Each structure stands twice: as structure tokens, then as C-alpha cells.
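The values are calculated or read from the model by the stated rules, or taken from the named source; none is laboratory data. Note that the structure is a prediction, hence the values are computed from the model and not measured. Quick reminder, even Gly has a Cβ in these numbers, built from the backbone with ideal geometry, and neighbours come from all protein chains shown. To get the accessible areas, we keep the full protein, side chains included, count just its heavy atoms, and leave off ligands, DNA and RNA. Shrake-Rupley method; radii C 1.70, N 1.55, O 1.52, S 1.80 Å.
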Amino acid sequence: ADSPWSVADILTEDDEQDRVPLQKLKLLGESEELRGLLLNPHLRQLLLTVDQAEDKSSLMKKYMREPLFVEFADCCLRIVEPPEKENVLPE
């Protein structure tokens, strides 16, 4: 009972497809673009509100209409799932 929780405690098999490898999560901490966004006090308040909310799902749906939050989410996704560079002409 004294052991800390693990990811396995909160993820089901259905959630596995949404799991981001630790190596990719570390890239978030290295992103200057993401750090710049997180300097915005309004975004920080939005993130705190989501973190502390009981019903995170409905709040996320609401915030996904907030341009600043969408910019944050898009930035995170570009870092952990970079767009494929197919069909790009070599320079």
C-alpha cells in the first residue's frame, strides 16, 4: 500500500494505444516552443483548471475551442508525433 502508483495502475489495455513513450515525453521538456507557450499565465491557469477538475473530459471539450489551448495541444502533438515528411521535395 505504501508503494507509489504506476502507469499500469491507471491504464487499461484500451488506453495503451494512447500511451506516449517516456522518450517522447522527455522531448516536451526540451522544446523551446512549448516553454514559450507555457510562459503565458492564461494558458497556465487553463492547465491548472484541467488538472484540478473532477470532470476533465467535458472541460477538455470546452477548452479545445479555446485558441490558446489548441495551440498548446498542437505544439505537444507536433513534438511527440512529428508530421511525416513524405512527398517533400529535397532541397
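Here are a few things to note about the model shown:
- Pairs, first under 14 Å from residue 76 (Cβ atoms) and modelled with pLDDT of 65 or more in the range 14-25, second among the hydroxyl-bearing types (Ser, Thr, Tyr) and open to solvent by less than 70 Å² (accessible area, probe 1.4 Å), C-beta under 6 Å, six or more apart: none
- Within the range 70-90, the presence of at least one residue that is part of a loop (DSSP other than H, G, I, E, B), at pLDDT below 95, open to solvent by 60 Å² or more (accessible area, probe 1.4 Å) and on the phi > 0 side of the Ramachandran plot is confirmed.
- Considered as a group, the residues in the range 31-48 that are in a helix (DSSP H, G or I) and touching a residue at least 40 places away in the same chain (Cβ under 8 Å) include one that is most open to solvent (accessible area, probe 1.4 Å), and that residue is 33.
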